[in-house]
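The values are calculated or read from the model by the stated rules, or taken from the named source; none is laboratory data. All values reported here derive from a predicted model rather than from experimental measurement. No Cβ is skipped: glycine too gets one built from the backbone with ideal geometry, and neighbour counts run over all protein chains shown.
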Amino acid sequence: MSLNFTHLIGRLHDQKELKRIVVVCPNDVHTHRVILRSLKEGIASFILVVEEAFPDVVEPIRMEYPDLVKVCKSESVVEAARMSVALVRNKEADVLMKGTLNTDVLLRAVLDKEKGLLPRGRVLSHVAVAQIPSYKKLLLFSDAAVVPRPHLKHFEAMLKYDLAVCRNLGIDEPRVALVHCTEKINGEFPHTLGYVILKERALNGCYGALHIDGPMDVKTACDAHSGEVKGLDSPVVGNADLLIFPNIESSNAFYKTISLFGNACMAGMLTGTMAPVVLPSRADSDDSKYYSLVLACTMSEMRILSYIL
């Protein structure tokens with residue numbers, strides 16, 4: 001089991017071949033630091049797609065690592081995004097990472113129906129992984145970035161994607177908490193009705209080996225004493241590996257809160273795509289961006305999983 005990000009980095013050190021990362025518009029010093037750290041750690045090689053207006057911005061990196069860094073030039077930001085997506089789609093790269101271009105520009109290329117990275121009929125989602133000092137293991141949760149108001153199809157897609165990530169991390173029987181403000185099912189909160197269906201499908205073996213329970217609040221999911229006080233008896237209570245949130249507001253607020261007030265180390269990536277896509281926020285720390293890249297490299301075999309799930 002990968003208990004922390006150090007373990008994930010160690011797994012990449014043991015890989016037979018370096019993961020190939022394409023970074024679109026790496027024009028800022030923070031992205032440069034992540035690239036250089038990855039190169040020094042020996043976990044990846046890079047294709048850097050830059051605009052012709054910034055011909056020398058990555059030249060020092062290429063000169064320092066001529067065998068591991070390739071530079072491609074594009075006429076515009078839009079072309080850079082399309083070129084980067086094509087490199088991943090054509091299996092010339094394993095992971096796509098965003099630099100300084102706007103997220104919407106990159107997502108238009110990723111979601112292009114003919115030349116993008118999301119197979120037809122698939123749900124695009126996002127998984128975050130947190131290493132929280134006060135928690136005993138990595139904690140995964142969805143969806144803090146993509147799906148505003150999930151309905152059953154979204155919840156099931158999130159669950160399948162995130163379970164694949166859990167198992168790749170070495171969690172054979174993930175413990176999944178379906179998050180709500182109480183333990184009560186209430187028609188005024190439609191997501192709680194969806195939770196009932198997810199649990200029924202899980203009992204029928206639709207998602208493989210796991211423990212799933214809810215609705216429950218985050219404290220109950222991650223603190224055994226809270227469950228004892230409430231008289232709850234479940235393998236998930238106090239021991240959750242994965243939290244499924246009811247909406248983007250709650251999940252995003254959780255992301256920001258534990259990173260700011262809980263000193264959590266964070267990582268995140270898109271799921272559902274043919275290959276992992278890293279979309280760091282401008283406010284993310286260098287460590288967060290690096291750990292996101294580490295996570296994506298570790299999960300790059302999800303290129304295959306995206307067609308299976």
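Okay, here's what the table says:
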read-out	value
Selection status of residue 114, assigned by TED's automatic domain parsing to the domain that holds residue 264, among the acidic types (Asp, Glu) and farther than 17 Å from residue 249 by Cβ	no
Residues (among the acidic types (Asp, Glu) and either in a loop (DSSP other than H, G, I, E, B) or under 18 Å from residue 100 (Cβ atoms) (or both)) located in region 54-76	56, 59, 67, 75
The one condition in (1) closer than 23 Å to residue 284 by Cβ; (2) surrounded by fewer than 24 Cβ atoms within 10 Å (Cβ to Cβ); (3) among the hydrophobic types (A, V, I, L, M, F, W, C); (4) not assigned by TED's automatic domain parsing to the domain that holds residue 248 that residue 106 fails to fulfil	(2)
Flag if residue 283 is of a type in the set (Gly, Ala, Ser) and at pLDDT 95 or above	no
Any hit, region 50-57, residues being under 19 Å from residue 282 (Cα atoms), in the same structural domain as residue 285 (by TED's automatic domain parsing) and in contact with a helix residue (DSSP H, G or I) (Cβ under 9 Å, 6 or more places away or on another chain)	yes
Region 1-48: number of residues that are of a type in the set (D, E, K, R), surrounded by 14 or more Cβ atoms within 10 Å (Cβ to Cβ) and under 14 Å from residue 287 (Cβ atoms)	2
Which numbered condition residue 122 misses (of (1) surrounded by fewer than 18 Cβ atoms within 10 Å (Cβ to Cβ); (2) under 21 Å from the mean Cα position of the chain (by Cα); (3) touching a residue at least 60 places away in the same chain (Cβ under 8 Å); (4) within 30 Å of residue 285 (Cβ to Cβ))	(4)
From the options 123, 85, 129, 105, residue that is part of a loop (DSSP other than H, G, I, E, B) and on the phi < 0 side of the Ramachandran plot	123
Meets criteria (touching a His at 6+ places or on another chain (Cβ under 8 Å) and not aliphatic (A, V, I, L, M)) for residue 205	no
Among the candidates 166, 222, 265, residue that is over 30 Å from residue 20 (Cα atoms) and either out of contact with any Gly (no Cβ under 7 Å at 6 or more places or on another chain) or of a type outside the set (A, V, I, L, M) (or both)	222
Residue match in region 21-33 (condition: assigned to a helix (DSSP H, G or I), in the same structural domain as residue 293 (by TED's automatic domain parsing), under 18 Å from residue 268 (Cβ atoms) and touching a strand residue (DSSP E or B) at 6+ places or on another chain (Cβ under 8 Å))	yes
Any hit, region 225-234, residues being within 12 Å of residue 176 (Cα to Cα) and either among the hydroxyl-bearing types (Ser, Thr, Tyr) or touching an Asp or Glu at 6+ places or on another chain (Cβ under 8 Å) (or both)	yes
Every pair of residues 6+ apart whose Cβ atoms lie under 6 Å, when the first sits in region 145-159 and is closer than 20 Å to residue 253 by Cα and assigned by TED's automatic domain parsing to the domain that holds residue 187 while the second is acidic (Asp, Glu) and surrounded by 21 or more Cβ atoms within 10 Å (Cβ to Cβ)	158/143
Residue match in region 243-260 (condition: polar (S, T, N, Q), within 15 Å of the chain's Cα centre (by Cα) and closer than 30 Å to residue 100 by Cα)	yes
Within region 71-102, considering residues that are crowded, with 16+ Cβ neighbours inside 10 Å and of a type in the set (Lys, Arg), the one farthest from the chain's Cα centre (by Cα)	82
Answer from 214, 238, 231 - the residue that is in contact with a Leu (Cβ under 6 Å, 6 or more places away or on another chain) and either over 30 Å from residue 300 (Cβ atoms) or at pLDDT below 95 (or both)	214
